[in-house]
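So the structure is just underneath, and the comments pick up after that.
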């Protein structure tokens, strides 16, 4: 099962790297392509902060080092959880594999250039979600799967037959 988990994580990293390279090569910084007018466009932005631009405006010279350290700690935790859960390919394993791939994709950018390329921008009129990328998407989908699994799982106590 570890092989499949590795393939999922590697696929996320590769798709993330390829899409970021295409955007960086084809679009100038802050250039956009309207895909669905009034709702979605591809735009080249660079994020020096955390996910969805958090802390991007922070003047701290330690910001990148802290983000890299946080990413490494998170990766260690995800890898440990995947290792313990490697006996089966279930929702948890898929979710953790997506999170691993996404975290590696964004860590790569931070280590190489100190910034992350974001390009997916959804908006309605003046309201917009912060731009994000494939790695961010994988992390959010993985986290969402974990939350759903927790919310929908039955506790061992509720699985016991009722005694009469």
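The values are calculated or read from the model by the stated rules, or taken from the named source; none is laboratory data. Keep in mind it's a predicted model, so treat the numbers as computed, not measured. Cβ placement follows ideal geometry from the backbone for every residue including glycine, while neighbour counts extend to all protein chains displayed.
Which pairs turn up if I take residues in region 15-37 that are touching a residue at least 24 places away in the same chain (Cβ under 8 Å) and look for partners that are exposed (fewer than 15 other Cβ atoms within 10 Å of the Cβ) with beta carbon separation below 8 Å, at least 6 apart in sequence or on another chain?
27/33
Per-residue answers, yes or no, for (1) at pLDDT 95 or above; (2) over 26 Å from residue 147 (Cβ atoms); (3) in a loop (DSSP other than H, G, I, E, B):
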residue	(1), (2), (3)
3	no, yes, no
41	yes, yes, no
46	no, yes, no
52	no, no, no
78	no, no, no
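Return yes when residue 121 is part of a strand (DSSP E or B) and either modelled with pLDDT under 85 or surrounded by 13 or more Cβ atoms within 10 Å (Cβ to Cβ) (or both) and no when it is not.
yes
Scan region 90-99 residue by residue and report those that are buried (at least 24 other Cβ atoms within 10 Å of the Cβ) and either over 12 Å from residue 143 (Cβ atoms) or without any contact (Cβ under 8 Å) to a residue 60 or more places away in the chain (or both).
95, 97, 99
Scan region 18-45 residue by residue and report those that are under 12 Å from residue 133 (Cα atoms) and surrounded by 17 or more Cβ atoms within 10 Å (Cβ to Cβ).
19, 20, 23, 42, 43, 44, 45
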